[in-house]
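Everything below concerns the one structure shown next.
Each value in this text was obtained by applying a stated rule to the coordinates, not by laboratory testing. Just so we're clear, the structure is a prediction, and the values are computed from it rather than from any experiment. Neighbour counts are summed over all protein chains in view; Cβ atoms, including those assigned to glycine, are modelled from backbone coordinates with ideal geometry.
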Amino acid sequence: MRMRLVVTVVVLMTLTAAASAQIQMPDPKQIAGVPLPATDLPAGTISVRVIRGNFDKNMTGATVEFTVDGKVRRVTTDASGRAQVAGLARGARVKAAATVDGARLESQEIVVSDSGVRVVLVATDPEIEKRAEDDRRFANAPPVPGMVVLGPESRVIAEMSDDRLNVFYVLQILNTARTPVDPGGPVIFELPRDARGASLLEGSSKQATAKGPRIIVTGPFAPGATMVQVAYEQPYSGDTAHIVQKWPAALQNLAVLVPQIGGLDVRSPQIASKRDVTDQGQKLIVAGGPAIPAGQSLVLEISGLPHHALWPRYVALSLATVIAGAGLWAAAFPNPRRRPA
């Protein structure tokens, strides 16, 4: 489906733009014990980092056992929580392990190749485990009255295709509380009055439904993000389209993306910054602005749209009006010379 393909591409662009704004560290548990190539280390070098729960808690003085082709070497971690062996022969088979609080942490088997290797071993952090258990308990609690906002991953995307202007909303409805919240009713997005074919896209929450020009998202809202992706066609005349979108919840920051096809441009008094970027060969206008309070509208102007001249249509309408008027006149006032006949 063409529209779904466009959204997939645009989401990749969105992620690229978000990555440029901030770099998020991976979850240590997802990479625990996994050998990761490290081009900054010499070949034949393995560095093991031991942490407790997260990267901000290095474990100093822990003993790491490197089993190299069946022979054990023991190295103590330094102030950065790292222990390292070097000078290993290509093809050597290595496993790293450490024992913390009686629990043995082991890496996957490492085969020495042409680059260095880094491994992280993650010990349990009782504080993190307790908070995670509390979060699970709170998430299952009855909802309480509260508010939601449109989080920082929300995006407005305008894309020109097949002489149609398609508009997409990537909406991150965010509940920052630890318990479910009920905002007192559904969150309703009233799309622009002339929006056509509004629909929800794959990846949207089942709490969302599309009814004509309305997107209705029912509560309660679980802690974290409820994602809703909307698509519609925005009709326009001339070379400019005007989009006015009222937000039912506060938008934490404005982000607008426009694939730059031809001379497309985007303007708004609410845009504070705008730049052109290239992502996988596609030129993209990336615009941003400050927060928009709940109940206020975003006003966008997309210009440089392909269009056909309107004067031939106006001339044709004028001629049709003249011809119709002449016909009515002839019917109402027939030629007097033809009355006797």
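Things to note:
- Extension reserve of the residue 144-residue 294 stretch, reckoned as 0.36 nm per residue once the Cα distance is removed: 52.0 nm
- Highest-first arrangement of 249-261, 186-198, where packing means the average Cβ count within 10 Å: 249-261, 186-198
- Contact order relative to length of segment 149-303, as percent, for alpha carbon pairs under 8 angstrom and 6 or more apart: 26 percent
- Note on segment 149-303: lysine pairs with Cα distance below 25 Å, sequence gap of 8 or more or different chains, count 4.
- Residue ranges 170-183, 139-152 sort as 170-183, 139-152 when ordered by packing (mean number of other C-beta atoms within 10 Å per residue, highest first).
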